[in-house]
Amino acid sequence: MNETVFNDGVLIEQTVDNGDGTGTRTTFDADGNVTSTENLTDLPIYVPPPPTPEERIADLEAKLVQAEPTPDDIPATANPLSAQVAAQAARIDSLLGELDRLKVVDAATIEATAKDATASKGLIAKVAEAFGISWDEADKVRLTDAKRWGEWLTKLGIGGDPKADGDIGAVEAVK
């Protein structure tokens, strides 16, 4: 136990307990100068009383809260499963973002696009048949040579706009 002794406001003695049964006692004169220093042994060692069960539970709960990691505290490399979960979460986030971007497309738009694509395929097939070329050759001309494609459609009596002239019946009439 540390102890300081004053006389008329002047420090005359100080004892410092190291807590291990040893310590030092220092005495001072009236001017504050050290007059002696004594090493002490066999001092009583303070042993605090054990905590009550309630204090122990509260201490353990506090330590548990401090020690409990959150998902952000655990590096993905610490556990292969954590790495897989993190990768899957990233994929899910990416897919959800893509889904949000695509929400503007509705069923009617999808159906119209499918019908248009079917009509275009039928038109390409009829043009290929009418000019004696393969479907792939006709499609290549449609995609790469708009002028030639337009000329072919005009020869077949179709206005040159395959989207507007998706009526395959006009090609049938030319045959």
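The values are calculated or read from the model by the stated rules, or taken from the named source; none is laboratory data. These numbers come from a predicted model, not from an experiment. No Cβ is skipped: glycine too gets one built from the backbone with ideal geometry, and neighbour counts run over all protein chains shown.
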Selection from region 1-29 of residues part of a loop (DSSP other than H, G, I, E, B) and modelled with pLDDT of 90 or more yields T22, D29
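Within region 30-50, how many residues are assigned to a loop (DSSP other than H, G, I, E, B) and surrounded by 12 or more Cβ atoms within 10 Å (Cβ to Cβ)?
Matching residues across region 30-50 total 1.
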Mind checking which residues of region 141-152 are assigned to a helix (DSSP H, G or I) and either exposed (fewer than 14 other Cβ atoms within 10 Å of the Cβ) or not assigned by TED's automatic domain parsing to the domain that holds S120 (or both)?
-> L143, T144, A146, K147, R148, E151
